[in-house]
Structure formats: C-alpha cells, structure tokens
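Report on one structure; see the data block that follows.
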Amino acid sequence: MTQTAETHQIAEEDRLRADLYNFIGLLLAGPPDEMLLAQTASLTGDETEMGQAIGTLAKLAKVSKPMAVTSEYNKLFIGLARGELLPYASYYLTGFLNEKPLALLRQDMARMGLERADNVFEPEDNVASLMEMMGAVIVGRFGTPAGIDAQKAFFNKHIGPWASHFFGDLEGAKNSVFYSPVGTVGRLFMEIEAEAFRMSAK
C-alpha cells in the first residue's frame, strides 16, 4: 500500500457510497456488537423507500440485544449443517460453492493487490467481503481511487449479477427480524448502484 485515500480528493457522494458499502459489509461479516448496534440505532431515515428502510433498521437496533441478533445471525448464515442463506456469489450464480465466480474474483483481487486477511476463513466471494471490497475500490483504500468505469466493471462482474437477489432473500428469510431491513437497504442500494452505472454509459 503505497498510497492512501487521503492523498486523493474523493467526492462526498462517493465517500457516502463507500460508507454504505462498508456499513452493510460490517453488518453481514458477523453479529453486531453493542457499539455497532448503538451506531445503527442512531441512524435517521427520510420519506424515501431507502430512508424508511434505514429508519426501520434503526428502530430495530434500538430494541435489539446483541445475544438475540447473534442467534438470528447464526440461524441465517451458519446453522448446524448450514444456515438458511448461503451468501456467496458462486452459490447464487452456479448453485455450488467455490466455483468459477470465486476464481474470477481471486484473479481480479490479485490484479488489484487485494488479498484475504490471514484471520478470515470464508471464501472471498461472500457478500460481506464484496461490500467491503467495493467500498475500498471507491475510495482507494489500497491505492488510487477507482474511476467510474473501473467501479462499474467490478460491480457488474462480481456484485450486480446476484447481490440484489441475495438481499431480497434476506428480506424475506424465515429467521430475519433485525436482518430483514438490512436486506431491504442492501437490495435498494444495489438497485440504485446498478441504475447509476447504467446511466453512466450514456
């Protein structure tokens, strides 16, 4: 890492996009602790569909205890044999884990100088890692911030084809309570991003 994001001017809108990617990634990487629940509870929404989803998430965070959310997280993503959902690009795109989408992601990660942390054992194509990677790409956490074309290429290749479907499944999952509005926020954000990238081609 020879450069840092601080050496580049990042548009406020892009910083906010990266923050939302990172926030969603953090909520999906593991059960939120008290601090993350408190931060989530302090969010405020507006009358838009996204604003209402954020407001619902904040209200749930206010009344949720870490132990209850941990139990919900485990039912959704871990389970005894497997959780209710498998949040991996390979699974959503091929029906199997550790398939071609993961190999293609690893190639792109190597090209961008990204690698899985030593203490992370999940395949890199899980939704939390991809949200974090997209946030990093936008602000240049591992080098120069990516331009719109590079952002669009990464999104369209690794996130766009499946993440909205996953977030929709999370919204309606049997065990989703706290995570249902996380799914709504994620689904709406993916739709906004896909449309913005589509418009950027014009």
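The values are calculated or read from the model by the stated rules, or taken from the named source; none is laboratory data. It should be emphasised that the depicted structure is a prediction, and the values quoted were computed from it without experimental measurement. Here Cβ is always computed from backbone atoms with ideal geometry, including for glycine, and neighbour counts include all displayed protein chains. Please note that ligands, DNA and RNA were not included when accessible areas were found on the heavy atoms of the full protein model with its side chains. Shrake-Rupley method; radii C 1.70, N 1.55, O 1.52, S 1.80 Å.
Across segment 74-83, the number of residues qualifying as touching a residue at least 60 places away in the same chain (Cβ under 8 Å) and either open to solvent by less than 60 Å² (accessible area, probe 1.4 Å) or under 18 Å from the mean Cα position of the chain (by Cα) (or both) comes to 1. In segment 51-73, the residues that are of a type in the set (Gly, Ala, Ser) and in a helix (DSSP H, G or I) reach residues that are surrounded by fewer than 16 Cβ atoms within 10 Å (Cβ to Cβ) and at pLDDT 95 or above with C-beta atoms within less than 6 angstrom, at least six apart or across chains, in these pairs: Ala58/Ala41; Ala58/Leu43; Ala61/Ala41.
Every condition in (1) within 23 Å of Leu93 (Cβ to Cβ); (2) of a type in the set (Gly, Ala, Ser); (3) part of a helix (DSSP H, G or I) holds for Ser180 except the one numbered (1).
Tell me, please, whether a residue that is at positive phi and either in contact (Cβ under 8 Å) with a residue 60 or more places away in the chain or open to solvent by 50 Å² or more (accessible area, probe 1.4 Å) (or both) can be found in segment 155-172. For segment 155-172, residues at positive phi and either in contact (Cβ under 8 Å) with a residue 60 or more places away in the chain or open to solvent by 50 Å² or more (accessible area, probe 1.4 Å) (or both): absent.
Conditions (1) open to solvent by 80 Å² or more (accessible area, probe 1.4 Å); (2) within 27 Å of Gln151 (Cα to Cα), marked per residue:
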residue: Gly30; (1), (2): no, yes
residue: Asp33; (1), (2): yes, no
residue: Leu37; (1), (2): no, no
residue: Glu47; (1), (2): yes, no
residue: Val63; (1), (2): yes, no
residue: Leu86; (1), (2): no, yes
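What are the pairs with Cβ atoms under 8 angstrom where one residue, in segment 9-21, is touching a residue at least 24 places away in the same chain (Cβ under 8 Å) and of a type outside the set (Phe, Trp, Tyr) and the other, located anywhere, is outside any helix (DSSP H, G or I) and open to solvent by less than 40 Å² (accessible area, probe 1.4 Å)? Sequence gap at least six, or different chains. Hits for this filter: Ile10/Gly140; Ile10/Pro145; Asp14/Pro145; Ala18/Ile10. No other residue among Pro123, Pro161, Pro145 is closer than 18 Å to Phe77 by Cβ and not aliphatic (A, V, I, L, M) apart from Pro123. Do we have any residue at all in segment 54-63 that's of a type outside the set (A, V, I, L, M) and more than 12 Å from Phe178 (Cβ to Cβ)? Yes.
For segment 126-144, the condition holds for at least one residue, the condition being that it is in contact with a Gly (Cβ under 7 Å, 6 or more places away or on another chain) and not in a helix (DSSP H, G or I). Number of residues in segment 121-147 that are farther than 21 Å from Leu170 by Cβ and surrounded by fewer than 17 Cβ atoms within 10 Å (Cβ to Cβ): the value is 3.
Condition check ((1) at pLDDT below 95; (2) closer than 22 Å to Trp162 by Cα; (3) of a type in the set (Asp, Glu)) across all residues:
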{"residue": "Lys59", "(1), (2), (3)": "no, no, no"}
{"residue": "Leu85", "(1), (2), (3)": "no, yes, no"}
{"residue": "Gly113", "(1), (2), (3)": "yes, no, no"}
{"residue": "Val120", "(1), (2), (3)": "yes, no, no"}
{"residue": "Met131", "(1), (2), (3)": "no, yes, no"}
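Quick one: is Arg106 among the basic types (Lys, Arg), open to solvent by 30 Å² or more (accessible area, probe 1.4 Å), outside any loop (DSSP other than H, G, I, E, B) and out of contact with any Leu (no Cβ under 6 Å at 6 or more places or on another chain)? It is true that Arg106 is among the basic types (Lys, Arg), open to solvent by 30 Å² or more (accessible area, probe 1.4 Å), outside any loop (DSSP other than H, G, I, E, B) and out of contact with any Leu (no Cβ under 6 Å at 6 or more places or on another chain).
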